[in-house]
Number of protein chains: 2
Amino acid sequence: MRDFTDHLKPAHDGTATLQAERDGSAINVKELAWHLLGRDGFLERQEKVLKVLSKEKIFKKDQQLNLSRPERYHLGLARAKATQRLIRREGWDHEDYKLAEYLNDEMSPYFLHMSMFVTTVREQGSEEQQSYWMPKILSYDIIGCYAQTELGHGSNVRGLETTATWDPIKKEFEIHSPHLTASKWWNGSMGRTATHAIVVAQLLLPRRDDPTTLTSHGPQTFIVQIRDKKSHLPLEGIAVGDIGPKYGYASMDNGYMLFNHFRVPRSAMLSRYAEVADETGAFVSMGHPAVVYGSLTYVRGQIIMHARLVLARAVTIAVRYCSIRRQFRDRDSKSPQDDEMKVLDYPTVQIRILPLLATTFALHYTGEYMYELYRKSRETIEAGDFGPLAELHSASSGLKSLCTTLAADGIETCRRAMGGHGFGGRSGLVGLNADYLSKPTVEGDNWMITQQVASYLIKKISEAVKDPHATPKDPTDELFQYYLKNRSHRVPQTVVKDGTIDDQAIVEIFQWRAADLSYRAYQARVVEKKGWTKMMIQLHNLSRAYSEQILVTNFYKSFSTLSSLSSPTPNVLKICFRLYALYTLDQAASSFSMTAAVSPESVYGLQDIILELMAELRPHAVKLVDAWSIPDFLLDSALGRSDGKVYEELFDMAHRRNPLNKVTFDPNWRSEDIVMGSGDGGKHVLAKL
Amino acid sequence: MRDFTDHLKPAHDGTATLQAERDGSAINVKELAWHLLGRDGFLERQEKVLKVLSKEKIFKKDQQLNLSRPERYHLGLARAKATQRLIRREGWDHEDYKLAEYLNDEMSPYFLHMSMFVTTVREQGSEEQQSYWMPKILSYDIIGCYAQTELGHGSNVRGLETTATWDPIKKEFEIHSPHLTASKWWNGSMGRTATHAIVVAQLLLPRRDDPTTLTSHGPQTFIVQIRDKKSHLPLEGIAVGDIGPKYGYASMDNGYMLFNHFRVPRSAMLSRYAEVADETGAFVSMGHPAVVYGSLTYVRGQIIMHARLVLARAVTIAVRYCSIRRQFRDRDSKSPQDDEMKVLDYPTVQIRILPLLATTFALHYTGEYMYELYRKSRETIEAGDFGPLAELHSASSGLKSLCTTLAADGIETCRRAMGGHGFGGRSGLVGLNADYLSKPTVEGDNWMITQQVASYLIKKISEAVKDPHATPKDPTDELFQYYLKNRSHRVPQTVVKDGTIDDQAIVEIFQWRAADLSYRAYQARVVEKKGWTKMMIQLHNLSRAYSEQILVTNFYKSFSTLSSLSSPTPNVLKICFRLYALYTLDQAASSFSMTAAVSPESVYGLQDIILELMAELRPHAVKLVDAWSIPDFLLDSALGRSDGKVYEELFDMAHRRNPLNKVTFDPNWRSEDIVMGSGDGGKHVLAKL
């Protein structure tokens, strides 16, 4: 369609504006990108996979928000299948595949198959079970899911209601859902896609002396075919389907499943660590799976690294758009000729975006630290010595909680900082936000799992109190010993010394506060025997303080790795360190004061320092987000486009690519029809209700 | 469909659980509901309108999340039209209509017609224009919208690019969009529905001495037909359409519109206050519209009252669901027979929900105060004496910012407190959240408008500094005089005196902090001549502190109205006051300490006090949310149902009413088809992309 709008241009040229921003900073973007993302050839791989995906029409994203939920699942499945064909056509390895999923940026209906399903068979299946199932899994002859969570039961696996009762006559298990709340629920890939499921159920065995009485042996895993191979309909005795729309994950078929005395053979129980003896029907345990500290640390490291890229996406969009968007002249400006200001030059916009920009780097260096530690200690782990990893593993619950909260909240903060257009679909944040909002509550609820790290810290500081001169096994031991030695004569630190910010003092302030809160928790729990439940808020705050200390410490330690970067990058990253740390300090100032970590004067002076740090960081903002190397394909955002064509893309999408504009409506209430000149008067829509 | 799931029940009976909760509190719900919502017959009206709407199939909400964006607009328009027919069938008045919109709970495609469109014609049209247009508007013979905001220009009306140039020969205006960024954008009801628009454009007149030079007379309003009466297609020279999907408001056709030298007659310019003289072509101004302090205060009051009901909805859902949901036994429990705990009994859940429950009441009493003041001073307003209303009006920007932020953030806090099911579509929060997230950035961005109240406070305290003994005209004058008299010998207050919480001291603490921050702003701006832009964060914080002080003060003042309520309601509401105030104090503790409003010891003791207050409030939580009287029809939530049938409804929706489950898919990647046994193999979906 050609019309008079074709030749129109925005009043200000966004491309030129972004170019000027880039010209205004001497940061070497390629070098910094390599520093951040060089690991495992990520950048080359991203380029390679992007080239393929961006040519395939089915991976185009710009109509996604127009689709209905059923259509959105159709599309997700079509893409999942197309990806499998691409893997084979392009000869992609597993890392390429994961990068394709990252760029495709949706929860795929196949996702559980190659994650929890295959992992569980591999880790908990006997050798015989593995040799039977693994070829079918790897070829996708079957599609699997993982059915643990139930309608009435989330994190507490011991509370699951689904039962698997051993029938000693037929030598089968009978899987059954005694209540509605026993329905499996939320399980990804199960609603429409999977042919098989790992089912977690309470194992019940008849007592040998009294076969009418059942004894529970806790939750066990079973591999169960749930749908017919040909018709793909549920097997008799199974009710299974999709649970319906959610905040996000529209492409994923999260499912429900109930069993009605459903029978599976003895071989269905994954039996690497436990089985029911064929002859006697007795429960045989072959030990518990070795705690996989190492790989868990790796997984938590991935959550942090993912959080940093999610946050980097939101910040990339906000920084670029707010550099282009102009609004109001400076109130003190004397000249009526002055342009409207770029909104990123307002401190009220900076205070929302720039600390988050700094946070992306804070997350990065802790994620790096965890990866490095995992890599270095792989050998000792295999020898059974977990060394400093045990420490980090326990801290990882707190970090999962903190980092996913920072990223989830950060997306919305960026959106609001963008004003009206942030609310639009072409902000690129609608889907990101809807999907990522699951993170604070899944894989360990962010408020619940903080108890784990608090529990660990209380144990550690109790040991330090008992023996203040033991040889420290890890940094936490060192910290607690330092704290106990100095607590009686603590002088709160100041942030600024001789007119400059004291980075080392900042680190000490965060560490001291974490130690002091640990000591208070120890006092309450161990000395005063306070109830655990009553302490939960305090424990949550402790975990957060401890995790913030980890981020600050690792960011500070990274300074030694920055010398390879050319000027001004190392200094700009140090500004990010200060901004992240002091902004965090300011947000929780009362906790820092109460613990005598920092002097009140330092706290009251923070706002001015933060303003100055933001002013120093401002000229580098666009180049810093460029370094995160988020492709336009993934950003899927008019506001965040790397070429600055914000308004051109917003308008093009509305005027030329909006399906709603292809229909003409009858707005007159006297007519019951909705669509003008259409066959059915829009009645097909109403029929859906 | 009948199957084995039909007879299944949840392990715990939600209905009995909620009944037990209700039996555990002696609050008289009807009485409290009347206290909160008795005004203007709201409760009876709600019952009356609900009865009608809930019988009409088209207003059923449970499939909304399954629809595509175009379908969602179709439905919105169908409902808008159906509502007009109901109004006539039922003989509803305007208040009934507004209540129907509230219960229908979607932005209607007719919304702008009966709000900004009719208001602008009424307020800015000449008598002649009104007698021509009003009958057409009131009968909905035309449907109007309001086209002010542009693609490149939001809050700053002076920056609008659309021009209306006077042609002295033809005596017409030529409306034109010089750039892409001049496109009208976001304007509700314009995308597909409206036949007419109020267009705001810069009026340009040729200079009489040099007709080739144009003089701008600032933004003026024009009433313009934009679509053909019969075909409903855009008129020649106009490009208009829907801007596409957004976070929320899927039922609304927010639009874009560009003009290509589009001609309108002289009569198009609304000319109550300004016109172009017919003969001379000169700009004639008949004064500015009287500042409508009164009605603006009323509108702001409405925003607060709306925010409280939105927050009450989220809190209702969270309180009911978290009373029913159980997870984990108490960690210190000695008996393995103990039930899992209700999650609302965990302090980590309480700390997220109960302060928000208290906030609903805090918002309420300030909204009430503004309504009352408006009502009382109507006569004096009409006589031109704005009295204490001027004060309140200026504060209302700060309150809009604070209250909509509290409600928007509160929805998400409630969602996360509900764990996994909070992420589900039947939480009832998906649509509420998506729509309400617009509020912090529209109708005055929440960060920008706080400058207005700060500016006012600086002016007021400057006056008080100049003349500390002038007769105070309003509460702010009184506060500032009190502050200036006492600042040299201030002793920070304590919250607890003689073992009890001192409510009056709490009020003083909030007021002192607001006064001290005002004084600091005055010092920086007036004395030290600091740049306005550099002060913006400080000004924002000042506005927030001042607004929090208003909420606390009005809540405290409401104590005198509580005596008519039966026990224990007045005491429970006082607990809410303390919880709201002390939670707020704790969140911003550093600001209260810095201003010497409160003693550090008081701050450090807050967490224990808050825990105790929450324990006192907990037994009344369900009845308190019941009092907000949100009908199930409006909640549209499985989790928040008043009868507690959480799991029954979640399951029924998934198993019996999910359209995705009507289709069987082919999960095998080797086949390009998606749907099994369907004619088109799902290709219609892909064709949409």
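The values are calculated or read from the model by the stated rules, or taken from the named source; none is laboratory data. None of the values given here were measured: they were computed from a predicted structure. With ideal geometry, Cβ positions are generated from the backbone for all residues, glycine too; neighbour counts draw on all protein chains shown. What goes into the accessible areas is simple: the full protein's heavy atoms, side chains included, and nothing from ligands, DNA or RNA. Shrake-Rupley method; radii C 1.70, N 1.55, O 1.52, S 1.80 Å.
Its residue count N sets the reference 2.2 N^0.38 Å, and the alpha-carbon radius of gyration of segment A:215-293 equals 1.45 times that reference. Shape analysis of the protein assembly as shown yields a ratio of the Cα radius of gyration to the Kirkwood radius, Rg/Rh, of 0.95. Largest first, the three principal axis extents of the alpha carbons in segment B:118-287 are 51, 35, 30 Å in whole numbers.
All Cα-Cα distances of chain B, cut into 20 Å bins from zero to the largest, leave 15, 44, 33, 8, 0 percent in each bin in turn. Peptide A:500-506 shows a mean partner chain C-beta count of 0 within 10 Å per residue C-beta. Taking the label point 7 Å along Cα→Cβ, residue B:656 and its counterparts in the other copies are spaced 5.0 nm apart, in ascending order. In this view, the solvent-accessible surface of residue A:56, computed with a 1.4 Å probe and all protein chains in place, comes to about 50 Å².
Taking the 1.4 Å solvent-accessible surface of segment A:515-581 as the whole, the part contributed by carbon and sulfur is 51%.
Among the listed pairs A:439/A:557; B:98/B:439; A:60/A:229; B:9/B:57; A:171/A:230; A:57/A:662, those with a Cα-Cα distance over 23 Å are A:439/A:557; A:60/A:229; B:9/B:57; A:171/A:230. The rotation axis taking chain B to chain A passes closest to the C-beta of one chain B residue; that residue and the distance in whole Å read B:68, 2. Annotation: amide H of residue A:145 within the under-5 Å range of A:196, A:197, A:198, sequence separation 5 or more or interchain, hydrogens built in the peptide plane.
Once the partner protein chains are put back, segment A:524-565 shows a loss of at least 40 square angstrom of accessible area, versus the chain by itself, at A:532, A:533, A:536, A:537 (probe 1.4 Å, ligands and nucleic acids excluded). Note on residue B:136 and residue B:670: the model spin-label points, each 7 Å out from Cα along the C-beta direction, lie 6.7 nm apart. Expressed to the nearest 5 percent, the antiparallel share of DSSP beta bridges inside the protein assembly as shown is 85 percent.
When the Cα gyration tensor is reduced to axis lengths a ≥ b ≥ c, the ratio a/c is 1.5 or higher for segment B:92-205, and with a/b not above b/c it is classed as oblate.
Taking every alpha-carbon pair under 8 Å whose residues sit at least 6 apart, segment A:487-630 reaches a relative contact order of 33 percent. Spin-label model, residue B:567 to residue A:209: label points 7 Å out along the Cα-to-beta-carbon direction sit 5.8 nm apart. Judged by the gyration tensor of its Cα atoms, with axes a ≥ b ≥ c, segment B:204-363 is prolate; a/c meets the 1.5 cut and a/b is the larger of a/b and b/c. Between A and B, buried accessible area from a 1.4 angstrom probe totals roughly 13600 Å², ignoring ligands, DNA and RNA. Could you name the aspartates and glutamates whose alpha carbon sits less than 19 Å from that of residue B:136, not counting residues in the same chain fewer than 8 places away? Straight-distance partners of residue B:136: A:666, B:93, B:123, B:127, B:128, B:228. Within segment A:331-474, what whole-number % of the accessible surface is contributed by carbon and sulfur, with the 1.4 Å probe and all protein chains included in the calculation? Ligands and nucleic acids excluded, carbon and sulfur give 53 percent.
For residue A:93, inter-copy separations between label points set 7 Å beyond Cα along the Cβ vector come to 7.6 nm, shortest first. Per-residue ellipticity at 222 nm from helix content only, as computed over chain B with -39500 (n - 2.57) for each DSSP H run of at least four residues, stands at -15500 deg cm²/dmol.
Using a probe of 1.4 Å, the accessible surface attributed to residue B:604 totals some 90 Å² when neighbouring protein chains are kept in position. Shielding by partners for peptide B:603-612, expressed as the average number of C-beta atoms from other protein chains within 10 Å of each residue's C-beta, is 2. Between A:550, B:173, A:526, whose Cα lies farthest towards the positive end of the dipole of the protein assembly as shown when Lys and Arg beta carbons carry +1 and Asp and Glu beta carbons carry -1, centred on the Cα centre? It is B:173, whose Cα lies furthest towards the positive end. When the charge dipole of segment A:424-515 is built from unit charges on Cβ atoms (+1 for Lys and Arg, -1 for Asp and Glu) and taken about the Cα centre, the candidate among A:450, A:491, A:476 whose Cα reaches farthest toward its positive end is A:491.
Note on residue A:133: accessible area is roughly 30 Å² with a 1.4 Å probe, heavy atoms of protein only. Over chain B, Cα pairs under 8 Å with separation of 6+ residues give a relative contact order of 16 percent.
Sorted from nearest, the other copies put their residue B:285 label points 8.6 nm away, the label point being 7 Å from Cα in the direction of Cβ.
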